[in-house]
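Here's the structure, in structure tokens; my notes come after.
The values are calculated or read from the model by the stated rules, or taken from the named source; none is laboratory data. Computed from a prediction, not measured in an experiment: that's the story for all the values here. Using ideal geometry, Cβ is built from the backbone for each residue, glycine included, and neighbour counts are taken over all protein chains shown.
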Amino acid sequence: MYERKLWMATACLLFAGCTQHISSDPSISASSSIVSRSSASSAKTEALEPLPSTLSIPHFSKMRLSGTGLTLQKVLAENDAYTRYDIQYFSNGLRISGIMNIPKGTGPFPLLILNHGYIDPKIYTQGRGLKREQDYLARAGFAILHTDYRGHADSDPSPMIEKAYDGNLEYAMDSANAILAVRATKLPSVDTMKVGMLGHSMGGGVTLALLTGRPDLVDTAVLYAPVNADVWENFTRWREKREDDDETVKINGTKETNPELWKNLSPETFLKDIRAPILLFQGSKDKDVPQEWSDELADNLRALGKDITYTEYAAEGHEFATQWTSFMKDTAEFFRRELTEEKS
């Protein structure tokens with residue numbers, strides 16, 4: 001962990017105002033008083049972390065998050081139901097690309113954040129992943145923000161210099177900051193009083209990190225064939241697909257040699273902190289994410305008394321086919337009920 005701490009000490013200084021690119025983010029302009037040059041302790045306290053300096057959900061829960069500068073860059077497409085925009089925003093100083101589908105009409109329309117699953121960043125294109133879901137939910141009357149994450153499409157690359165698995169905490173930062181950026185921009189057609197989130201596969205893991213680490217940001221969530229809430233299980237399942245120079249075990253150890261790190265990095269450890277109602281979907285023929293993972297997650301959430309509804313689809317794979325329309329209908333009704341209807 002020495003390399004990470006050394007890098008973070010350098011990165012925090014850079015993000016405190018020593019690079020021209022980062023200064024374009026309104027959240028770290030001179031007027032925002034992030035760094036007081038007259039006080040080293042103030043700099044240490046206020047400087048934004050471009051990535052978590054400690055790999056843990058507890059650290060993520062206490063980090064200063066900054067989501068700012070959301071702009072609708074240009075219209076990508078338009079139909080009778082909504083307009084699709086190319087967007088960018090800043091996530092703790094990093095420029096992040098994505099898309100927004102904003103329904104036509106007076107609104108304001110409830111905000112949904114969509115977290116896509118793993119797609120090799122080398123082939124990923126803006127807004128890729130969950131395109132069917134983006135379209136359906138926009139037509140159902142929701143404002144959709146699909147974040148590309150750092151290192152994807154037109155986003156800035158990750159500042160991480162280590163070749164090590166971080167449990168997708170960086171992507172969780174970008175998803176959390178997407179919410180903050182929309183709120184800061186105050187788009188008149190978007191209602192941010194309550195926010196829903198949908199995560200597929202790896203994006204389900206990103207969503208779980210947010211639900212456990214920043215439970216105040218997400219009011220309700222849909223998990224669509226999510227990865228394991230124990231990040232060690234995810235690392236080991238796809239370990240052989242990582243690059244040859246991967247140093248995860250060298251830097252972070254294993255679950256056996258460094259149990260505290262892997263425990264604190266896993267949403268599974270902090271399921272008790274979840275506040276949001278959850279709708280969980282899983283296909284029995286999923287070859288990427290075993291059904292047993294969702295079974296276990298549902299059981300653990302029920303045992304904790306959480307609001308969890310679990311739908312299992314027989315014979316469905318990782319991306320639903322024959323029962324996709326049923327899945328989306330239930331998803332839209334769930335979001336509408338949780339985000340727009342008054343609770344008695």
Inset, instruction - For LEU208, state whether it is assigned by TED's automatic domain parsing to the domain that holds GLY98, farther than 19 Å from ARG275 by Cα and among the aliphatic types (A, V, I, L, M). - result: no
Inset, instruction - Output the qualifying pairs, or none if there are none: Cβ atoms under 9 angstrom, residues six or more apart or on different chains, first residue in the stretch 162-190 and closer than 30 Å to GLY107 by Cβ and assigned by TED's automatic domain parsing to the domain that holds ALA229, second residue at pLDDT below 95 and of a type in the set (A, V, I, L, M). - result: MET173/LEU51
Inset, instruction - Considering only residues that are within 26 Å of PRO52 (Cβ to Cβ) and of a type in the set (S, T, N, Q), look in the stretch 126-160 and name the one that is modelled with the lowest pLDDT. - result: SER158
Legend entry - LEU279 being more than 19 Å from HIS200 (Cα to Cα), aliphatic (A, V, I, L, M) and in contact with a Ser or Thr (Cβ under 7 Å, 6 or more places away or on another chain): no
Inset, instruction - Can you confirm whether the stretch 241-251 contains a residue that is among the β-branched types (Val, Ile, Thr), modelled with pLDDT of 95 or more and not assigned by TED's automatic domain parsing to the domain that holds LEU48? - result: no
Inset, instruction - Test ARG64 against the criterion of being outside any strand (DSSP E or B) and over 30 Å from VAL249 (Cβ atoms), and give yes or no. - result: yes
Inset, instruction - Could you grab me the full set of residues in the stretch 49-74 that are of a type in the set (S, T, N, Q), surrounded by 20 or more Cβ atoms within 10 Å (Cβ to Cβ) and within 19 Å of SER155 (Cβ to Cβ)? - result: SER66, THR68
Inset, instruction - Select, from ARG84, ARG95, ARG37, the only residue that is modelled with pLDDT under 50 and outside any helix (DSSP H, G or I). - result: ARG37
Legend entry - Pair list, Cβ < 8 Å and 6+ apart or interchain, from the stretch 117-128 residues that are at positive phi and in the same structural domain as GLU243 (by TED's automatic domain parsing) to residues that are surrounded by fewer than 18 Cβ atoms within 10 Å (Cβ to Cβ) and not in a loop (DSSP other than H, G, I, E, B): GLY127/LEU76
Inset, instruction - Inspect all residues belonging to the stretch 270-279 and state whether any of them is among the acidic types (Asp, Glu), surrounded by fewer than 22 Cβ atoms within 10 Å (Cβ to Cβ), more than 17 Å from ASN168 (Cβ to Cβ) and free of Cβ contacts under 8 Å to residues at least 24 places away in the same chain. - result: no
Inset, instruction - Residue by residue through the stretch 253-265, note down the ones that are part of a helix (DSSP H, G or I) and more than 18 Å from LYS163 (Cα to Cα). - result: PRO259, GLU260, LYS263, ASN264
Inset, instruction - Please tell me if ASP219 is closer than 22 Å to ASN177 by Cβ, at pLDDT 95 or above and not hydrophobic (A, V, I, L, M, F, W, C). - result: yes
Legend entry - helices (runs of 4 or more DSSP H) contained in the stretch 137-252 and holding at least 1 residues crowded, with 23+ Cβ neighbours inside 10 Å and within 14 Å of the chain's Cα centre (by Cα): 169-185, 202-213
